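Notes follow once the structure below has been shown.
Just so you know, all these numbers are worked out from the coordinates, no wet-lab data involved. A quick note: this is a predicted structure, and the numbers were derived from the prediction, not measured. Glycine gets a Cβ as well: all are built from the backbone with ideal geometry, and neighbour counts include every protein chain shown.
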Ligand code: ATP
Ligand code: MG
């Protein structure tokens, strides 16, 4: 009755681009060593990859039960020193460390490691001059300009804890984050630029500090100028009493500042999750373990080599921006790319044009961007010469096999590795991903765990770790994704709420870190993330992951994005309701709805055929571009009056449209 699932029909795509001679055997050996001699494994990596001011005395201590994990105990280091100074000392001062491209394609900057050292030092001295001290939380609410990354690095240099808030968030969301962290300092810019439009960031900060208890908390607002004119003696924005102009202040500082000696377990930064499944969690990452994990995963997943130009187009407001725009590539002494604009400005060829112009060798984006761009057609990427790129990465959501193929065939011309990197804000870096030149790929699977990650699939029913005995007739295991032992990049607590940390990650399955995701592990040991545990749908006893049904819908040319949720059903328990956003040029019609149901029947199986399909102008997305199914679940259960935390919703007005659309069906 059921058709083969995507993981059953997926063909292995041979690993590509083995330029370093990495092999599957070496990966397997590395993985084995990491499991058998975990301490030795990480200790060797920590010594090889980072420079320490004093050595650590113990590799790892603590337990998941108590949530008191500590790595590289007693070790002292400075992340900023590791990311900048040591490269300058090693003779790489003249190498470009960062390429920036602004909203307009011709607005670019190249910054060498020496320039970075001087500028970051000046910013550190400027922060100190305004009263910022080691341990203070500095909230950063800025556009994607080099000064954003440099302010993060300056905080790391002096031991202040940065809390970057994505500059698309409202003043309410910003106020909540400032208040929760008791952050005395906010760094912003007078404005940002996106898609040709100005974004009044400073005004939003002004509104935020007039909310909640922020007036009492915030002492200073440090304001960068998006277009600074050194000749101007007056600020190009209205100065409020707490405002300080950053550019002229930084310009007069000494261009050297000694890096602070930090303990491996000193807090490095604070960052909120995307809020896809509930109220965002404010996670705390610490210095030593995070630095190592960022550098290690950047190197292995993207196969970074001398002379590479690495472009991750995520915003620094998310963990992807922290680990793979700023820290990972700079720790490796590579060249990182910082991008201010959007994939469709001034036209949908922007990414491919940038790859061609800057000779980008690794490019990293999200499934939502790929789905968007593929709907503009194959001709667009084909206009550009992107032969310089070797690795194309994806992160954030399961990638639909259709989008994977487009990325692989049309963008990468079947010459690049697609790395499908599975990880979370909490994990600090990739935990499951294929490796270029090493792991054969399967479209839609994030494949195998990173060495050091003891990935296990637990039974969703009683929590026992699934073994061969639990395999179904096709050799698959299905359950929840968990990790059995600590790894250096893991978050150490939730800000001001350690109980939430324990309750969310460690109490559901004692002895394990619980990711919150459901997974299928196939006969080859490949992992397929099938959706959030909370989103799994149960139709007449069939457990159905959201990813599979959504992939079947997106495979139809009329569907640009799809989200499915369970709808209460008297007989079946739940039935499927699908929300679809159409590709430009397609209109809703009874025929189309029939075709879409058929697409699910043939792609997944008759049991998964949606009872309802709602065609909507857009879907509820987080500001990081992920589908928020919990909002849709509330709508289809007639509980739209209790939507929960919606502060991370990119466009709140979509909710009313969807409620009305769904009511029409009934
Ligand atoms: P919240 O925790 O507040 O609900 P969130 O989980 O969306 O938000 P993030 O930390 O940004 O916050 O996202 C991590 C989640 O993204 C993972 O748990 C997983 O569901 C999804 N994800 C990330 N990368 C992949 C991938 N390559 N394949 C499948 N899912 C992925
Ligand atoms: Mg999460």
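I need the per residue convex hull volume for segment 27-125, using only the alpha carbons, in cubic angstrom as a whole number.
In segment 27-125, the Cα hull volume divided by residue count equals 205 Å³.
Using a cutoff of 8 angstrom between alpha carbon atoms and counting only pairs six or more residues apart, the relative contact order for the chain works out to 14 percent. Available extension along the chain between residue 640 and residue 211 is 151.8 nm, counting 0.36 nm per residue and deducting the alpha carbon span. The stretch between residue 40 and residue 54, if pulled fully straight at 0.36 nm per residue, gains 3.2 nm over its current Cα-Cα span.
Let's test the formula: R0 of 56 Å, r as the Cβ-Cβ distance of residue 219 and residue 611. What FRET efficiency results, to the nearest 0.05? According to the calculation, E is roughly 0.50.
Taking only the Cα atoms of the chain, the ratio Rg/Rh comes out at 0.95, with Rh defined as the Kirkwood radius. For a label point 7 angstrom out from the Cα of residue 256 toward its Cβ, which stretches of segment 101-144 have the backbone nitrogen within less than 12 Å? 118, by backbone N distance to the label point. If R0 equals 41 Å, the separation of the Cβ atoms of residue 382 and residue 94 corresponds to a calculated FRET efficiency of about 0.65. A simple spin-label model places the labels of residue 29 and residue 664 6.3 nm from each other, with each point 7 Å out along Cα-to-Cβ. Here residue 238 and residue 109 are evaluated by their C-beta separation; at R0 = 25 Å the FRET efficiency comes out at 0.35. Distance between the 7 Å Cα→Cβ label points at residue 524 and residue 497: 4.1 nm.
Here the extension length gained between residue 570 and residue 344 equals 76.9 nm, from 0.36 nm per residue of separation less the Cα-Cα distance. Using alpha-carbon positions, what is the distance between the centroids of segment 31-94 and segment 155-188, in Å? So the two Cα centres are separated by 27 Å.
At q = 0.09, 0.20 Å⁻¹, what is the base-10 log of I(q)/I(0) for segment 283-415 according to the Debye formula with one equal point scatterer per Cα and no solvent? Please give it to two decimals. Relative scattering, expressed as log10 I(q)/I(0), comes to -0.25, -1.21. Label positions at residue 602 and residue 534, each projected 7 Å from the Cα along the C-beta direction, are separated by 3.6 nm.
Using a cutoff of 8 angstrom between alpha carbon atoms and counting only pairs six or more residues apart, the relative contact order for segment 110-259 works out to 29 percent. For segment 81-133, the relative contact order comes to 31 percent (Cα pairs under 8 Å, sequence separation of at least 6).
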